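Undergrad: Provided herewith is a single structure, encoded as structure tokens, for subsequent inquiry.
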Amino acid sequence: MRKLAIDMDYVQDLLLRLLKIPSPTGYTDEIVHFAGQELERLDIPYELTRRGAIRADLSGDQQSPDRAVVAHLDTLGAMVKQLKPNGRLAVVPIGHWSARFAEGARVTIFTDETSRRGTILPLKASGHTFGAEIDTQPVAWDNLEIRVDETARNEEDLVRMGFHIGDYVAIDPLPEICDSGFINSRHLDDKAGVACLFGAAKAIMESGARLALDCHLLLTISEETGSGASAVLHGDVAEMVAIDNGAQALGQNSKEFGVTVSMMDASGPFDYHLTHKLLRLCRDFDISHQRDIFRYYRTDAASALEAGNDIRTALLCFGIDSSHGYERVHLDALKSLSELLALYMQSGPTSPRDRYNLSSLENFPRQPT
């Protein structure tokens with residue numbers, strides 16, 4: 001096992017290409033096609049579930065127990081709730097995010113036949129008209145509407161143009177990479193994680209590194225609405241590492257540098273032995289890292305467990321500022337995360353006994369006492 005060089009030009013370029021593809025939960029077909037084509041380019045075999053979650057396969061020396069690493073392709077978005085008499089569109093969120101961060105967003109509305117452009121605005125959007133009321137109206141989705149960039153004066157105009165209740169709304173990411181290494185964009189959650197997963201896989205393939213176990217690369221399409229990795233696993237997977245953002249804020253230990261190892265999220269503690277194995281890899285191979293706990297969010301790991309999978313789970317994060325808003329991450333965090341993923345893919349099983357669904361107490365691991 002060795003620390004592999006990560007092609008960060010590839011990671012950065014792939015991230016920008018992923019960000020260009022709209023993929024709110026429920027409207028992910030195009031990004032599934034893109035991810036599949038990229039796996040083919042890397043010569044990594046894969047399969048799709050009925051709805052489009054991807055399970056790719058890296059072969060190892062041992063087939064069982066095997067492992068999985070998961071990131072999600074879907075992002076936050078919105079959906080048209082009403083065609084309004086004033087020729088605008090009422091919207092509701094897809095996923096959990098604040099209306100505060102929707103105000104002013106440029107968007108694409110996907111109708112049954114075409115796509116159209118618009119802007120999400122508060123109902124009272126002009127100080128010249130409403131004065132101080134623009135600062136006192138509540139922050140709520142009911143106080144937002146989409147101004148479509150078409151001549152739409154009323155509901156009849158919207159109907160004539162093909163707008164419907166249930167049209168998907170994709171939020172422009174507006175990515176910008178600074179000379180300082182910071183990346184600003186919406187939807188870094190979790191397209192930055194997907195880019196890291198591909199970066200680690202590329203390093204494995206090009207280096208010829210041997211994997212101790214079969215490793216499945218999972219790309220899910222409904223993490224933002226809760227189902228995530230519930231249907232893409234199979235019975236031989238004994239351990240799974242989820243990749244997602246680690247919110248940096250007052251009271252949090254996450255940073256925009258290094259990799260953040262989560263000890264617990266809203267669904268409860270992660271597996272002790274798998275989490276501490278990842279921490280040992282960081283220490284042994286000099287990967288900058290920190291630990292954190294996230295009280296108000298959950299990941300693909302939770303949906304996998306709730307679906308009845310008896311697996312060890314852990315969560316690795318890239319530290320992010322303003323999660324589910326105007327997000328920012330640093331390339332240093334993406335590099336550290338990719339390096340750790342490549343090491344984990346090469347490592348042996350967390351517990352060899354895990355090859356059995358049920359067995360005796362013999363060789364069952366112990367926590368320190």
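The values are calculated or read from the model by the stated rules, or taken from the named source; none is laboratory data. Please read all numbers here as calculations on a predicted model, not as lab measurements. All Cβ positions, even for glycine, are placed from backbone atoms using ideal geometry, and neighbour counts span all protein chains on display.
Residue by residue, here is whether (1) in contact with a helix residue (DSSP H, G or I) (Cβ under 7 Å, 6 or more places away or on another chain); (2) not β-branched (V, I, T) holds:
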| site | (1), (2) |
| --- | --- |
| A170 | no, yes |
| L197 | yes, yes |
| C215 | yes, yes |
| T220 | yes, no |
| G228 | yes, yes |
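Undergrad: Do any strands (runs of 3 or more DSSP E) lying entirely in the range 280-354 carry at least 3 residues that are within 28 Å of M205 (Cα to Cα), and which ones are they?
TA: Fully inside the range 280-354 and qualifying: 312-321.
Undergrad: Something else: If you go through the range 300-327 one residue at a time, how many are more than 22 Å from T350 (Cα to Cα) and touching a Phe, Trp or Tyr at 6+ places or on another chain (Cβ under 6 Å)?
TA: 2
Undergrad: Looking only at the range 260-296, count every residue that is within 19 Å of H324 (Cα to Cα) and either crowded, with 19+ Cβ neighbours inside 10 Å or in contact with a His (Cβ under 7 Å, 6 or more places away or on another chain) (or both) and tell me the total.
TA: Counting residues in the range 260-296 that are within 19 Å of H324 (Cα to Cα) and either crowded, with 19+ Cβ neighbours inside 10 Å or in contact with a His (Cβ under 7 Å, 6 or more places away or on another chain) (or both) gives 5.
Undergrad: Out of all the residues in the range 241-251, which are touching a Lys or Arg at 6+ places or on another chain (Cβ under 7 Å) and either assigned to a loop (DSSP other than H, G, I, E, B) or at pLDDT 95 or above (or both)?
TA: Matches in the range 241-251: none.
Undergrad: Restricting to the range 150-199, name every residue that is β-branched (V, I, T) and either modelled with pLDDT under 95 or surrounded by fewer than 17 Cβ atoms within 10 Å (Cβ to Cβ) (or both).
TA: The answer is T151, V159, I165, I177.
Undergrad: Identify, please: which residue in the range 91-116 is of a type in the set (G, A, S) and buried (at least 18 other Cβ atoms within 10 Å of the Cβ) and is, among those, nearest to E150 (Cα to Cα)?
TA: If we take residues in the range 91-116 being of a type in the set (G, A, S) and buried (at least 18 other Cβ atoms within 10 Å of the Cβ), then A105 is nearest to E150 (Cα to Cα).
Undergrad: Quick test for you: out of G166, G193, pick the one residue that is assigned to a loop (DSSP other than H, G, I, E, B) and in contact (Cβ under 8 Å) with a residue 24 or more places away in the chain.
TA: G166
Undergrad: Pick from D74, D66, D9: which is acidic (D, E) and within 16 Å of the chain's Cα centre (by Cα)? Walk me through it before giving the result.
TA: On the way: D66 fails: within 16 Å of the chain's Cα centre (by Cα); D9 fails: within 16 Å of the chain's Cα centre (by Cα).
The match here is D74.
Undergrad: For the range 169-189, which positions are part of a strand (DSSP E or B) and of a type in the set (D, E, K, R)?
TA: E176 - this is the single residue of the range 169-189 that is part of a strand (DSSP E or B) and of a type in the set (D, E, K, R).
Undergrad: Have a look at G52, G60, G87 and point out the one that is assigned to a loop (DSSP other than H, G, I, E, B) and within 30 Å of G208 (Cβ to Cβ). Spell out how you get there, then give the answer.
TA: Details: G52 fails: within 30 Å of G208 (Cβ to Cβ); G87 fails: within 30 Å of G208 (Cβ to Cβ).
Checking each option against the conditions leaves just G60.
Undergrad: Go through the range 141-169 and report how many residues are among the hydroxyl-bearing types (S, T, Y) and within 13 Å of S115 (Cβ to Cβ).
TA: Of the residues in the range 141-169, the ones among the hydroxyl-bearing types (S, T, Y) are 151, 168.
Now narrow it down to the ones that are within 13 Å of S115 (Cβ to Cβ): 168.
Of the residues in the range 141-169, 1 are among the hydroxyl-bearing types (S, T, Y) and within 13 Å of S115 (Cβ to Cβ).
Undergrad: Could you list all residues from the range 108-122 that are hydrophobic (A, V, I, L, M, F, W, C) and either assigned by TED's automatic domain parsing to the domain that holds G26 or within 13 Å of F163 (Cβ to Cβ) (or both)?
TA: Those that are hydrophobic (A, V, I, L, M, F, W, C) and either assigned by TED's automatic domain parsing to the domain that holds G26 or within 13 Å of F163 (Cβ to Cβ) (or both): I109, F110.
Undergrad: Something else: Give the residue, chosen from E327, E362, E306, that is in the same structural domain as C282 (by TED's automatic domain parsing), more than 30 Å from R106 (Cβ to Cβ) and of a type in the set (D, E, K, R). Steps first, answer last, please.
TA: Numbers: E327 fails: more than 30 Å from R106 (Cβ to Cβ); E362 fails: in the same structural domain as C282 (by TED's automatic domain parsing).
After ruling out the rest, the residue left standing is E306.
Undergrad: So R51 clears everything in (1) surrounded by 19 or more Cβ atoms within 10 Å (Cβ to Cβ); (2) of a type outside the set (D, E); (3) in contact with a Ser or Thr (Cβ under 9 Å, 6 or more places away or on another chain) except one condition, right? Which one?
TA: With (1) surrounded by 19 or more Cβ atoms within 10 Å (Cβ to Cβ); (2) of a type outside the set (D, E); (3) in contact with a Ser or Thr (Cβ under 9 Å, 6 or more places away or on another chain) applied to R51, the lone miss is (1).
Undergrad: Go through the range 203-235 and count every residue that is assigned to a helix (DSSP H, G or I) and within 12 Å of the chain's Cα centre (by Cα). Please lay out each step first, then the result.
TA: As a first pass, look at the range 203-235 and keep what is assigned to a helix (DSSP H, G or I): 203-207, 223-225, 228-230.
From what is left, the residues that are within 12 Å of the chain's Cα centre (by Cα) are 223-225, 228-229.
Summing the residues that are assigned to a helix (DSSP H, G or I) and within 12 Å of the chain's Cα centre (by Cα) in the range 203-235 gives 5.
Undergrad: Against the condition of a type in the set (K, R), under 22 Å from P175 (Cα atoms) and either touching a residue at least 12 places away in the same chain (Cβ under 8 Å) or not in a helix (DSSP H, G or I) (or both), how does R17 come out, does it pass?
TA: The answer is yes for R17.
Undergrad: I would also like to ask the following. Suppose we keep only residues that are out of contact with any helix residue (DSSP H, G or I) (no Cβ under 7 Å at 6 or more places or on another chain) and more than 11 Å from R100 (Cβ to Cβ) within the range 131-146. Which one would you say is surrounded by the fewest Cβ atoms within 10 Å (Cβ to Cβ)?
TA: If we take residues in the range 131-146 being out of contact with any helix residue (DSSP H, G or I) (no Cβ under 7 Å at 6 or more places or on another chain) and more than 11 Å from R100 (Cβ to Cβ), then A132 is surrounded by the fewest Cβ atoms within 10 Å (Cβ to Cβ).
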